[in-house]
Amino acid sequence: WEVVEDVDPTQFEVKNLEFISYLRPGQEWGLGITGEAMREQAVWLEANFGLVDAKYILAHQDEIPAEWQGKIYIVFPGTLLRDFDGNTNVAYSAWSGEYWRLYFTWLGDGWNEYGRLARPNSP
């Protein structure tokens, strides 16, 4: 995998994260949202975590509220990776039934209502 684009790591504590939809208030799901639109929303929502942030969250996953297990996946759109076929991918984490795992998927996939972005909770 080749890193095409990356963001600087964010300073946060996992226990103080909120997991938010990538839609702006008032937007409707329709058929989902495109990967590029999801990435734009992440910047606008100040929730543009990258792969380094994902690894940190996974190392401290015991601090992710149990209520999210099996109900959402967490997208990390701040890092773009190119695979061997030339496709652009992003990382996401989902509950495997025992723990949160890191996965990668094509940015061109549709993004549904179960995806969330992570960001530090507002004071």
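The values are calculated or read from the model by the stated rules, or taken from the named source; none is laboratory data. All figures in this text were calculated on a predicted structure; none of them were measured in a lab. FYI the Cβ positions are ideal-geometry reconstructions off the backbone, even for glycines, and counts take in every protein chain you see. Remember, those area values only see protein heavy atoms, side chains included, never the ligands or the DNA or RNA. Shrake-Rupley method; radii C 1.70, N 1.55, O 1.52, S 1.80 Å.
Some observations on this one:
- Segment residue 5-residue 112, length gained on full extension (0.36 nm per residue, minus Cα span): 36.2 nm
- If R0 is taken as 22 Å, the Cβ-Cβ distance between residue 83 and residue 62 corresponds to a FRET efficiency of 0.10.
- The modelled label-to-label distance for the pair residue 36/residue 69, using points 7 Å beyond Cα in the direction of Cβ, is 3.9 nm.
- Per residue, the accessible area of the chain comes to 58 Å² when a 1.4 Å probe rolls over the protein heavy atoms.
- Helical runs (DSSP H, four residues minimum) scored at -39500 (n - 2.57) apiece and divided by the length of the chain put the mean residue ellipticity at 222 nm at -4500 deg cm²/dmol.
- Computed on the stretch 11-123, with alpha-carbon pairs under 8 angstrom and 6+ residues apart, the relative contact order is 39 percent.
- Accessible carbon and sulfur surface of the chain relative to its total accessible area, %, 1.4 Å: 48
- Computed over neighbours whose Cβ is under 15 Å from that of residue 9, the net charge equals -4, Lys and Arg +1, Asp and Glu -1.
- Rg and Dmax of the chain, both derived from C-alpha coordinates alone, stand at 13.6, 43 Å.
- Restriction of the GluC sites (Glu not before Pro) in the stretch 1-105 to DSSP coil positions whose beta-carbon has at most 15 other beta-carbons within 10 angstrom yields 13, 28, 46, 98.
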